[in-house]
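Quick notes on the structure that follows.
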Amino acid sequence: MHKILIVEDEKHQRDLYTMELQDEGYEVDQASNGKEAVEMVKANKYDLVVMDIRMPEMDGIEALGKILSRDKKIPIVIYTAYSNYKSNFMTWTADAYITKSLNSDELKEKIREILSSKAS
């Protein structure tokens, strides 16, 4: 079973993504900001991280840099409501950049794609 970390400051969003990914068969942990995510990645082994950008304490871009400096192989999907961050060169280090929508099918498909390519 693949283990995924959801990093999202809005609790209801975090819970929704967790429920949907658990329904897909993943083990899911949650972090409410980038600082918490960095600590959790230090303490646990994740197959993939889904990261928002705008969060308190440490934003997703800074957390992305810290996580990848620790483990360059961990896939990270940026999942944000703000498409304008796509031009920030730091987001280019992520494996995918998805703009949030009411339907999480694109996110789930991208996670399946990344994890299956990582396994092969």
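Laboratory data are not the source of any read-out in this text; all were calculated from the coordinates shown. Quantities reported herein were computed from a predicted structural model and do not represent experimental measurements. Quick reminder, even Gly has a Cβ in these numbers, built from the backbone with ideal geometry, and neighbours come from all protein chains shown.
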Cα-projected label distance for D71 with H12, points at 7 Å along beta-carbon direction, nm: 3.2
Extension gain from K108 to A81, taking 0.36 nm per residue of separation minus the Cα-Cα distance: 8.1 nm
The chain: relative contact order as a whole-number percent, Cα under 8 Å and 6+ apart: 21
Which of R14, R54 has the fewest Cβ neighbours within 10 Å, and the rest in rising order: R54, R14
Likely footprinting exposure, Y79, Y26, fewest C-beta neighbours within 10 Å first: Y26, Y79
Interchain or long-range residues, amide H under 5 Å from H2's placed H: E27
Estimated vicinal HN-Hα couplings, Hz - region 103-118 in sequence order (Karplus 6.51, -1.76, 1.60; Gly, Pro = x): 9, 8, 4, 4, 4, 5, 5, 5, 4, 4, 4, 5, 5, 6, 6, 5
Residue exposure sequence - M51, M40, M1 - by fewest surrounding Cβ within 10 Å: M1, M40, M51
Farthest toward positive dipole pole in the chain [+1 Lys/Arg, -1 Asp/Glu at C-beta], among I78, S32, L102: I78
Candidate lysines - alpha carbon under 22 Å from K3, same-chain residues fewer than 8 apart omitted: K11, K35, K42, K45, K66, K72, K73, K100, K108, K110, K118
